[in-house]
Amino acid sequence: MSSKPNLDHATFAAIKGRFPEKRFRATEFRGDSTLIIEPADVLTVMSFLRDDERLRYSFLSDVAGVDYLNYPAKMPGRFAVVYMLESQSRDDRFFVKVFLEPTLPTDGTIEDPALWVDSVTGLWPGAEWMEREVFDMFGIRFRNHPDLRRILLWEAYPAHPLRKDYPLRGRGERETYRVVDRTTA
Amino acid sequence: MGLEAALPAEGFLTTQLRRVINWSRRNSLWPMPFATACCGIELMATASSRYDLARFGAEVMRFSPRQSDLLIVAGRIAIKTMPVLQRIYQQMTEPKWVISMGACASTGGVFDTYAVVQGCDQFIPVDVYVPGCPPRPEQLIEGVMMIQRYIDQEGMPPMDGGKRVGLGLAVAPTHAVRPQPVGLQY
C-alpha cells in the first residue's frame, strides 16, 4: 500500500473547524473516509456529526467491533469500534473509529475498565441492539446503554467469541451442553 | 378396489392385532417439521404434489409436538436452539421417531463453529440419517420408508434400560453411480 490516502472528504474540514484544539487521525480507502477519535470524544464528535447543518448524519447504519490481534500492520489499539454514518438528506457516508487497548486478559468475560465506550443510543436509538452485539461478541461495554445484555449468546456463555484469541470451534461449549431428559424437561 | 377386493365374499379376514396396529401406525406417521435451514425447503417440496408425501400417510405436518410422532430435524441446530429441540422431542407422543435430514443436522456440516451442534444425535436419539446438502425429496421419502419398514417388522422402537435408543440407519443410494468425469475433457 504505497498510495497516500486522499483526505478530501468535506466532513474532515468541518471537524477541524469545530474542534481546532483536538488532534484527530484520519484515513481513506477507495472513497470511504474514516475519522479516528479517542474514546473520551465519542459523544461530542458524534453529536456534532449528527446535528451540524452542513453534515446532518441522521442515520447510524451500523456499529461493528474489530479485533486487530496479529494484524500485519501496527494499529493504535487491539480492539476498535466502527460507527458507519449516513446522511440521508445529503446522500453521504462517513466512518468513525475508536481504538481500545485491553488491560486485562481477554480470554474470559471479565469486565475490563479500558474496554468502555460511551453509548450513542441517546443520539441514534437504533444503536441499542448493534451495541449489544458488539458487547456480546467482543466484550466491549457501552456506558449509559439502556439494556446492555448479550443479544445472541446466552448469559452464561464463558467467552466473547469473535475475539481472535477465542478458538473457532469453541472450548467445548457445543459438546458439553446439557441433555434434557424426562427428569429435567 | 384395493383392500376390499382382497377380502373373501363374507367380508372379513383374520390377522394378528399386532399387525393391524403396525399397519395403521406405519401409514400415519405425522411429521413434526423442525426446519431451521434450506433442508426445510426440500422438506416442503417433499410434501408438495410433485413428490406427495401423502402417499406414505405422512403428509399431515403437525406444528404441535403433541399431535406428531415423526420429528424431522431439517437444518443446522445452534446450541441455543438445542433445548427447544430437546423439549419438542420430549413432548411428542410415543412411539416416536426421528429423522436427521441433511449434513448439518447429522454432523454440523460446514458449520464447524462454536455455536453449532455437531450432529443432533448427541442430544436426541436419531433413527434415520438422510445424507445430502440438502437431500432430494426422494431421499427423504426413502428415509420415511425405512422407518415404515422397521415398524412393519418390529413395531415399537428399541429401548435400553427405559431409555430410547436411536436406530442409527443411514439412507444409502439404491442405484449404482456411473463413473464420473474427472478433469478437463476435450
>> Take the residues in the stretch A:165-185 that are more than 8 Å from every other protein chain (Cβ to nearest Cβ) and surrounded by fewer than 12 Cβ atoms within 10 Å (Cβ to Cβ); name whichever of them is modelled with the highest pLDDT.
In response: A:Gly172
>> For the stretch A:136-146, which positions are surrounded by 20 or more Cβ atoms within 10 Å (Cβ to Cβ) and on the phi < 0 side of the Ramachandran plot?
In response: A:Asp136, A:Met137, A:Phe138, A:Ile140, A:Phe142
>> Checking the condition in contact with a helix residue (DSSP H, G or I) (Cβ under 8 Å, 6 or more places away or on another chain), crowded, with 18+ Cβ neighbours inside 10 Å and free of Cβ contacts under 8 Å to residues at least 40 places away in the same chain, which residue from B:Ala58, B:Ala47, B:Ala74 passes?
In response: B:Ala47
> Does any residue of the stretch B:15-22 turn out to be touching an Asp or Glu at 6+ places or on another chain (Cβ under 7 Å), more than 24 Å from A:Leu153 (Cα to Cα), within 14 Å of chain A (Cβ to nearest Cβ) and surrounded by 14 or more Cβ atoms within 10 Å (Cβ to Cβ)?
Replying inline: no
>> Looking only at the stretch B:104-136, count every residue that is of a type in the set (A, V, I, L, M) and in a helix (DSSP H, G or I) and tell me the total.
In response: 1
>> Criterion first (touching a Pro at 6+ places or on another chain (Cβ under 8 Å), over 20 Å from A:Glu175 (Cα atoms), free of Cβ contacts under 8 Å to residues at least 40 places away in the same chain and within 14 Å of another protein chain (Cβ to nearest Cβ)) does B:Gln139 satisfy it?
In response: no
>> Looking at B:Gln122 and the list (1) of a type outside the set (Gly, Ala, Ser); (2) surrounded by fewer than 21 Cβ atoms within 10 Å (Cβ to Cβ); (3) touching a Ser or Thr at 6+ places or on another chain (Cβ under 9 Å), which single condition is not satisfied?
In response: (3)
> Which members of the stretch B:67-103 meet the condition of being within 14 Å of chain A (Cβ to nearest Cβ), farther than 24 Å from B:Gln139 by Cβ and in a helix (DSSP H, G or I)?
Replying inline: B:Ile79, B:Lys80, B:Met82, B:Pro83, B:Val84, B:Gln86, B:Arg87, B:Gln90, B:Gln91
> Within the stretch B:76-93, which residues are more than 14 Å from B:Ala115 (Cβ to Cβ), touching a strand residue (DSSP E or B) at 6+ places or on another chain (Cβ under 7 Å) and not β-branched (Val, Ile, Thr)?
Replying inline: B:Leu85, B:Tyr89, B:Met92
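The values are calculated or read from the model by the stated rules, or taken from the named source; none is laboratory data. Keep in mind that what you see is a predicted model, and the values were worked out from it rather than measured. Methodologically, a virtual Cβ is constructed for each residue, glycine included, from the backbone with ideal geometry; neighbour enumeration extends over all protein chains shown.
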